[in-house]
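The values are calculated or read from the model by the stated rules, or taken from the named source; none is laboratory data. Keep in mind that this is a model prediction, so the values were computed, not measured. Cβ placement follows ideal geometry from the backbone for every residue including glycine, while neighbour counts extend to all protein chains displayed. Note: accessible area is taken over every heavy atom of the protein model, side chains too, but ligands, DNA and RNA are not part of it. Shrake-Rupley method; radii C 1.70, N 1.55, O 1.52, S 1.80 Å.
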Amino acid sequence: MQNRRQFLGAIGLPSVAVSTALRSGPCELGEIVHAIAATTATTEQLVADEDFWLQVGQAFAVDRSLVNLNNGGVSPTTTFAMAAHKRHLDFSNEAPGYTMWRVLEPQKEAVRARLARQFGCDAEELAITRNASEGLQICQLGFDLARGDQVLCTNQDYPRMINTWKQRAAREGIELVTFSIPTPCDDPARIVELYRQHITEKTRVILVCHVINLTGQIMPVREVVALGRERGIPVIVDGAHAFANVDASLSDLDCDYYATSLHKWLFAPIGTGFLFVRRSKIRSLWPLMAGLPEQVEDIRKFEQFGTHPVGPFLAIAEALTFHEAIGSARKFARLVHLRDLWARRLLATGRIRLHTSLSPGAACGIATVEVDGFDSLELSAKLVSEHRILTTPIVHEDFHGIRVSPSVYTTTGELDRFCRAIESL
Ligand SMILES: Cc1ncc(COP(=O)(O)O)c(C=O)c1O
């Protein structure tokens, strides 16, 4: 690991700042944030500045014998957020009824305010949840629906969310309508048109992914929300893979319901997420677990899931600080740059098929590749067992492949190792 002097030097921190920051010991959050923020390079210059990203990567204590190209499933937490998380857990345990509930729990409000600022909503519209599944299911199960009512989503929505609709279908007799979308897709208008074609008189709720987990495709959320709004149909946005990945905020999406996980692209502790519900919609959405009667218009009614550790939630603050220092635009640009590095190299072999569009803005840094003549489950297993390279096998009714999701700590050397492994096949 580089020492502090090497770290600050590598990112070109001005000499005055360097001298005040020089002390022995491991890098700390304040110093890394200060150093990253001090760089004057533009996004275009930074995107391929390997020294810069090598230093960013030092915020993660990862096993470098393994090339982890499944950061989409769940990400390692930064060492800063892990340290805060552990500190809060230890303190909580001293006298949980006091230290956890009375001292730490109220601090969640500051985290709520910071998350809300990052997403672009009011703090009174954001509930802190344990993951995207929880936030999405609050919405999916929180609308009153009657037998015969239809809910609409694509066949590329997340399986757990599709199964949630299926459970409502089995239990209450609602009808789930799904449709295929072109894959890869460069034409968002085509996707919007497909949603439009599948809306009927009976459609009561629409679910749309912000980013499709199978391919990294970015969906035309704003347009789908508008379609629903024109017809009085609520649109639930699944932002599990998008928040702190795609450089977009609420004003870009204009949605009323949005849920995400924070243990994916914000690099917060595992078991963190949020649910945004527009203020005017809070009253009419039932919580999954009953809130207090006086909470009917309070976003905190969605947080009544009983006793739970508060440490992961408070450590979201450290994750936010790290994310803000890197900056959403830089992070997105770097992840797309890494995707293009490996994907264009493998395309040149003429033996692969990409299920992700490389056109600007069509997808994020996640991409899925099918290798000629290979079963994707077997290929992914082979990459782990023979090369210690972790990918995600994708087997969908419309396509298959291996999903590759590098992170900000992924080096170009690791991508070279992945490409050589595929080329050797
Ligand atoms: C599109 C999508 N929605 C929802 C989820 C659920 O996320 P979590 O398991 O963090 O709740 C995932 C997880 O990968 C996902 O990819």
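For the reader, a short list of remarks on this structure follows.
- Alpha-carbon Debye profile of the range 359-425, log10 I(q)/I(0) at 0.28 Å⁻¹: -1.38
- Compactness index (Cα Rg / 2.2 N^0.38 Å), the range 40-129: 1.46
- Computed label-point distance, nm, for sites Asp49 and Ser385 using a 7 Å Cα→Cβ extension: 4.4 nm
- In the full protein context, the range 363-425 carries 38 Å² of accessible surface per residue, based on a 1.4 Å probe and ignoring ligands, DNA and RNA.
- The range 180-237, relative contact order [Cα under 8 Å, separation at least 6], %: 36 percent
- Its relative contact order, with pairs defined as Cα atoms under 8 Å and 6+ residues apart, puts the range 38-195 at 12 percent.
- Gaussian network model of the chain, Cα within-10 Å springs - most flexible of Ala132, Ala81, Ala95: Ala95
- Rounded if a/c under 1.5, otherwise prolate or oblate - the range 184-342, Cα gyration tensor axes: oblate
- Set against the 2.2 N^0.38 Å expectation for a compact globular protein, the chain has a Cα radius of gyration ratio of 1.01.
- Check: the range 178-247 dipole with +1 on Lys, Arg Cβ and -1 on Asp, Glu Cβ, in debye: 300 debye
- Sequence-separation-based contact order of the chain, relative, with Cα cut under 8 Å and 6+ spacing, percent: 22 percent
- Fraction of the pair-distance distribution of the range 334-394 above 15 Å, Cα-Cα pairs, percent: 54 percent
- DSSP bridge pairs, the chain: antiparallel proportion in percent, nearest 5: 55 percent
- Pairs of Lys residues in the chain that lie 8 or more places apart, or on two chains, and have C-alpha atoms under 17 angstrom apart add up to 5.
- Compactness of the range 183-256, expressed as Rg and Dmax over alpha-carbon positions, Å: 12.0, 36
- Between the residues His400, Trp265, Pro76, the greatest Cα displacement towards the positive end of the dipole of the chain, with unit charges on the Cβ of Lys, Arg, Asp and Glu, is found for Pro76.
- Loop-located chymotrypsin sites (Phe, Trp or Tyr not before Pro) across the range 380-425 with a Cβ neighbour count of 14 or fewer within 10 Å are lacking, with loop assigned by DSSP.
- Dipole in debye (nearest 20) - the chain, about Cα centre, beta carbon charges: Lys, Arg +1; Asp, Glu -1: 400 debye
- For the range 76-225, share of DSSP beta bridges that run antiparallel, in % to the nearest 5: 10 percent
- Translational diffusion coefficient (Stokes-Einstein; Kirkwood radius from C-alpha pairs) of the range 92-147 at 4 °C, 1.567 mPa s, in µm²/s: 96 µm²/s
- Our analysis of the range 225-290 gives Rg over Rh at 1.00, with the two radii drawn from alpha carbon positions and Rh computed by the Kirkwood formula.
- Applying a DSSP loop filter and a limit of 13 other Cβ atoms within 10 Å to the chymotrypsin sites (Phe, Trp or Tyr not before Pro) in the range 282-341 leaves Phe305.
- Rg/Rh ratio calculated on Cα atoms of the range 64-111 (Kirkwood radius): 1.17
- Additional length obtainable on full extension of the chain from Phe179 to Glu94, 0.36 nm per residue less Cα span: 25.4 nm
- Both numbers refer to the Cα atoms of the range 297-381; Rg and Dmax are 19.8, 57 Å.
- Calculated accessible area for the range 260-329 comes out at 37 Å² per residue, all protein chains present (probe 1.4 Å; ligands, DNA, RNA ignored).
- Listed residues Leu141, Phe305, Ser424: farthest to the positive end of the dipole of the chain (Cβ charges): Phe305
- The GluC sites (Glu not before Pro) of the range 385-417 that meet both conditions, a loop assignment by DSSP and at most 12 other Cβ atoms within 10 Å of the site Cβ, are Glu397.
- For the range 89-124, the residues whose amide N sits under 20 Å from a probe point set 7 Å from the Cα of Leu292 along the beta carbon direction are 97-113, 123-124.
- Bins of 5 Å, starting at 0 and running to the largest distance - Cα pair percent for the range 32-72: 5, 18, 25, 24, 14, 12, 2
- Span from the the range 256-335 Cα centroid across to the the range 345-383 one, whole angstrom: 32 Å
- Taking amide H as placed 1.01 Å from N in the peptide plane, Thr203 has its amide H under 5 Å from the amide H of Gln150, each at least 5 places away in sequence or on another chain.
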